[in-house]
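A quick write-up on the structure given underneath.
Values in this text are rule-based calculations from the coordinates and carry no lab data. All figures in this text were calculated on a predicted structure; none of them were measured in a lab. Here the Cβ is made from the backbone with ideal geometry for all residues, glycine too, and neighbour counts use every protein chain on show.
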Amino acid sequence: MQELTQLIWEDMRPALGVTEPGAIAFAAATARARSAGEPQEIRLRLNSGLFKNAFTCGIPGSGQVGAAHAAALGAVGGDPAKGLECLDGVTPRQAKQAKELVAAGKVQVELSGIDSRIFIEATVVTEMGSACVTIRDSHTNIVSICENGCVVFETPAQTQDGEEVPPLIHCYTLAQLHHYALHVPVDELSFIRRAFDLNMALCRAGLASARTTFGPWLLQANGGQLISSDERKTASLLCNAAIEARVLGLPEPAMSITGSGAHGIIATMPLYAAPVRRITKRPMKVMNVSLATSTPSSHHMALNRVSRHPRAAVWVSLSAMGSSALPRLLTIWNRRAMKPSTISVRPESARVQAARG
């Protein structure tokens, strides 16, 4: 597997519901797994970005919204082994128990500070003890675990001397990324198909739900068709129906990238819409090849922009993702007849070699 393929492979993760409540539930579920007995009290500390993003988002399996309900449900019924899908499989009884904890004032949510850096500290107290889990920088990156006040796990302090080594994606030029997308073996990208399957299933679930509003309206605006000859309306429908379903907490996962289900949806779903006339006239096998080989450009651009501009991640990266992938989708049709690429690929610099380690 090529290095640029590996970057996508390692970054893509299924996420149930909005990523931030999923991460909160994961932290609480992990803390609960470290403490015997039933949860009696839950204390949660969040950075400002997580606090805001989780405030009104639906929690899968509960019909509730907000960080408190996410933490309560994670502590009562979450499975930490499932990561951001930890709420998959919660029962109505567990959802009721979590709701009662929140209603009784047993879940406290505090702001740890105004910061774009991901921070979650979840403490679960039972009749037999307590456990505290701390997450930093990415939504499932546990940096410490305490049991009854004693540290039982802690990652080494991240200190570096001299110039900081940049993320690996920063070491590639746009020309190099484009060259990769043109020449990467299609079979190497077969795993990307699952992102389209998950995100399309989420879109369809949103359109079928009585709880959604925007998706059905956009479907009507698109002539009642999921995929029409209008690329703009089709792309808007596919993206927004899936995102609305995710925000409402419907029980279907999205395939996330850069820790965001919205990023994953917008990096994939518009590619169903363009160029729709050519796609629909070709066999499904060819369509699958086109989608798989168009998506790396979207994913790589998202990885690059979000790592450079975390505060403006949504606005900076999403506008670039779709536009960066469309040229690849257009060129795939003539792939077999293409002449060797004339793009100049620069040799690796010392920074690239250093980042590769």
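So for each of 58-65, 220-227, 173-180, 17-24 I average, over its residues, the number of other beta carbons within 10 Å; can you give me the resulting order with the highest mean first?
On the way: 58-65: 22.5, 220-227: 13.4, 173-180: 16.5, 17-24: 30.9.
Per-residue mean Cβ counts within 10 Å order the peptides as 17-24, 58-65, 173-180, 220-227.
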Label-point gap, in nm, between VAL143 and ALA104 - each point 7 angstrom along Cα→Cβ: 3.3
In nm, to one decimal, how far is the modelled label at VAL186 from the one at THR213, with both set 7 Å along Cα→Cβ? 4.3
Zone residues, the range 65-94, relative to GLN40, backbone N less than 15 Å from point 7 Å out along Cα-to-Cβ: none
In the neighbourhood of GLY223 defined by beta carbon distances under 12 Å, the net charge of the other residues (Lys, Arg +1; Asp, Glu -1) is 0
Total charge of the residues flanking GLY63 in space, meaning their Cβ is under 10 Å from its Cβ, with Lys and Arg +1 and Asp and Glu -1, is +2
For the LYS96, ARG136 Cβ pair and Förster radius 30 Å, calculated FRET efficiency rounded to 0.05 is 0.40
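For the range 100-229, what class follows from the C-alpha gyration tensor (a ≥ b ≥ c being the square roots of its eigenvalues): rounded when a/c is under 1.5, otherwise prolate if a/b is larger than b/c, else oblate? Show your work: numbers first, answer last.
Working: a/c = 2.68, a/b = 1.25, b/c = 2.14.
Because a/c hits 1.5 or more and a/b fails to exceed b/c, the range 100-229 counts as oblate.
Report the net charge of residues surrounding ARG211, where surrounding means a beta-carbon distance below 15 angstrom and charges are Lys +1, Arg +1, Asp -1, Glu -1. Let's see the in-between values first.
Working: positive: ARG204, ARG246; negative: GLU244, GLU252.
Local net charge: 0.
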Work out the P(r) tail for the range 17-154: percent of alpha carbon pairs separated by more than 24 Å, whole number. 17
Within the range 250-264, name every residue whose backbone N is under 20 Å away from a label modeled 7 Å from Cα of ARG193 along the Cβ vector. 253-256
